[in-house]
Amino acid sequence: MMEALLSALLALASPERLMYMALGVGIGYAIGVLPALGGLAGLSLVLPFIYGLDEVAALAMLVGLVAVAATADTFSSILMGIPGSSASQATILDGFPMARRGEAARALSASFIASMVGGIVGAVILTGAVLVARPLILALTTAELFMLAVLGLSMVGVLAGRSFAKGVVACGMGLALGTVGAAPATSEYRLDFGTIYLSDGLPLPVLVLGIFALSEIVDLARGGGTISQTAELGRGWFAGLRDTLRHWWLLVRSSAIGSVLGAIPGLGGSVTDWIVYGHAIQTEKNGQFGKGDVRGVIAVEASNNAREGGALVPTLFFGIPSSGTMAVFLGGMTLIGIEAGPQLVTNRLDLTYAIIWSLAIANVMGTGLCFLTSPLIARLTVIRFGLIAPFMVMVVCFGAFNTNRDLADLFLLLGIGALGLLMRRYGWPRPPFVVGFVLAQPMETYLYQALQFHGWSFLLRPGVLVIAGLILICVFLGIRQRQLAEAEDETPRAAETRRAQALFALVPVVLFAAVLADALRQSFLGGVFPGGLAVVMLLISLPLVLQIGFARNPPGGLLHDAEVQPDPELGGFWTYLGWVAGLVALAALIGFFLANILFFLAFLRRAARCSWPMTLALTAIACGVLLVSAQVLVLDFPAGVLQAMVDLPWPLR
């Protein structure tokens, strides 16, 4: 084994192969910095260029891209509150508050070091998996996978914010929206309203951008000023290093959990991150999670990169991609003539270890690159946000559209963004909503398959019982955490807007009623999961509406309004959401490129109150960024109705 490891390292150490790895690291960095793209877009971009390369160089390039994209997506999550990818949502909860209070350097430093350690731990675990992965993975049936999805739901208690009831209902809303589209068991279409767009379900990247990014952009734009409250961004780099050293046990635990969960097909990065984040909340004492606790950043970022090592286990050894990124990676292996499967371990051990070394070295390379560029990128947080806001809106809309290349992505982004704004205002936690949405499809799929293969006796399987014990422990810790949080809760009840809060509480009731009505029209297998979910959630959400609207002394956290007295000078959040709606409407009418020009000119002059020279300069920069991004990444602009009537040259068409 040691001989194979050393020979693989020597093969990888040639200047040409290291150059290709560095190229992959650079592309992964650039892709990761841009919100909503992630490693999947980067791999799709480089696949045409690896054909003809020798096997080790091509694999080093692909692994370098995947590893570093998971590190670089931290920038937008921490500095701007925009998830760099669907697997970096939890980083926002603590990283962004740290940036806002002037600790961007500390948060970035801790995240980069945690990512590097997580990547190395993932590589180590991948090395051990060469010997033990096959029996472990084959031991997991759909019954155990279903229970692992339920384990993810058990984290709702610690992610529920000030109100456990609101957290449960928010999770139910996510689960309900996750059932839109074709049923896994029967392929019956549910709540698709006869549209092709909804037949495949709601796209996760658009939902995450709407629920997190738009609400943060609107909140910052209304507040004026800068993202960070201090310009002292150069300090804190060594503080982040000290944080990771001080919390080394959390770092190792999170890396190990992320690597193990990453090896399970179907769970995905979003689920892994929320499970690890919930684990950190449950096990770390005296935490201020969600308010800028560096331990939240360390745990999530360590699991992010460790997950890539775990995800390679089923991909390499069984040819089973555990995520969309790994599916493209598997396609890249096929392009260069490598067949994934058990024979890769027995006959091509040199390539297996070359991948492991590439994963470890690329993480070190990526960390160094991120550290070198961080001071420059971090200074975005001290620029007046009115100048950054239109760029962020443009990137979010462009990223959302290129999820499916459908104009409906922008309308969905707008609708989910409005929902996210109201949830933020009235104290409804958004993380449980995302957890529920992510887990809906795997839960239903695994439940159906477990019943088909084992019947209800699957609940008595040893693996299921072990995971059930873990779920009980998580629920117990979550309830205890909630009791402590409610005892310390001093948030004003904000009863002035009680009627509005009660009306918003009816939104989930209407959603669950619609899901139940649709489920009754489906076959048993197609409607049992959404129907059962809707009944349970209606029984929880209806009393919640009554408590918010009529209870004399409602439980703590039920009444909450983050905007009791809005500032008339800055305008309410509907004003700034209206700017986004205007961009979407213009894009539908005249196309995205022309719409952005008008949007920038109007927003910078009116909302940001810029001079004409500044307005024209920033608009020109935005146009350049759009054109370069579209050309390099081979992406399309949303086309408008009027454009279809006139044959215009690119980029106006």
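The values are calculated or read from the model by the stated rules, or taken from the named source; none is laboratory data. Every value quoted in this text rests on a predicted model; they were computed, and no experiment measured them. Glycine gets a Cβ as well: all are built from the backbone with ideal geometry, and neighbour counts include every protein chain shown.
Out of the residues in region 141-158 meeting the condition of being modelled with pLDDT of 70 or more and outside any helix (DSSP H, G or I), tell me which one is surrounded by the most Cβ atoms within 10 Å (Cβ to Cβ).
Our first condition is that a residue be modelled with pLDDT of 70 or more; within region 141-158, this holds for 141-151, 153-154.
Okay, now just the ones that are also outside any helix (DSSP H, G or I), so 141, 154.
On the way: Thr141: 17, Ser154: 21.
Among those residues, the one meeting the criterion is Ser154.
Per the listing Gly174, Gly161, Gly201, the residue uniquely assigned to a loop (DSSP other than H, G, I, E, B), modelled with pLDDT of 85 or more and out of contact with any Leu (no Cβ under 7 Å at 6 or more places or on another chain) is Gly201.
Using the structure shown, decide if Ala502 is farther than 25 Å from Gly287 by Cβ, modelled with pLDDT of 85 or more and surrounded by 15 or more Cβ atoms within 10 Å (Cβ to Cβ). Criteria met by Ala502. Inspect region 223-230 for any residue being part of a loop (DSSP other than H, G, I, E, B), hydroxyl-bearing (Ser, Thr, Tyr) and either under 25 Å from the mean Cα position of the chain (by Cα) or modelled with pLDDT of 80 or more (or both) and give the result as yes or no. Checked against the condition, which is being part of a loop (DSSP other than H, G, I, E, B), hydroxyl-bearing (Ser, Thr, Tyr) and either under 25 Å from the mean Cα position of the chain (by Cα) or modelled with pLDDT of 80 or more (or both), region 223-230 yields at least one hit.
The set of residues in region 270-297 being without any contact (Cβ under 8 Å) to a residue 60 or more places away in the chain and basic (Lys, Arg) consists of Lys285 alone. Output the residue which, of all residues in region 394-417 that are within 16 Å of Ile82 (Cβ to Cβ) and among the polar types (S, T, N, Q), is surrounded by the most Cβ atoms within 10 Å (Cβ to Cβ). If we take residues in region 394-417 being within 16 Å of Ile82 (Cβ to Cβ) and among the polar types (S, T, N, Q), then Asn402 is surrounded by the most Cβ atoms within 10 Å (Cβ to Cβ).
In region 102-123, the count of residues that are basic (Lys, Arg), in a loop (DSSP other than H, G, I, E, B) and touching a residue at least 40 places away in the same chain (Cβ under 8 Å) is zero. Taking the criterion of being surrounded by fewer than 24 Cβ atoms within 10 Å (Cβ to Cβ) and at pLDDT below 70, the only residue of region 50-85 that qualifies is Tyr51.
If you go through region 595-614 one residue at a time, how many are buried (at least 20 other Cβ atoms within 10 Å of the Cβ) and in a helix (DSSP H, G or I)? Matching residues across region 595-614 total 6. Beta carbons closer than 7 Å, at least 6 apart along the sequence or on distinct chains, pair a first residue in region 605-621 that is on the phi < 0 side of the Ramachandran plot with a second that is surrounded by 12 or more Cβ atoms within 10 Å (Cβ to Cβ) and small (Gly, Ala, Ser) for Ala607/Gly386; Ala608/Gly386.
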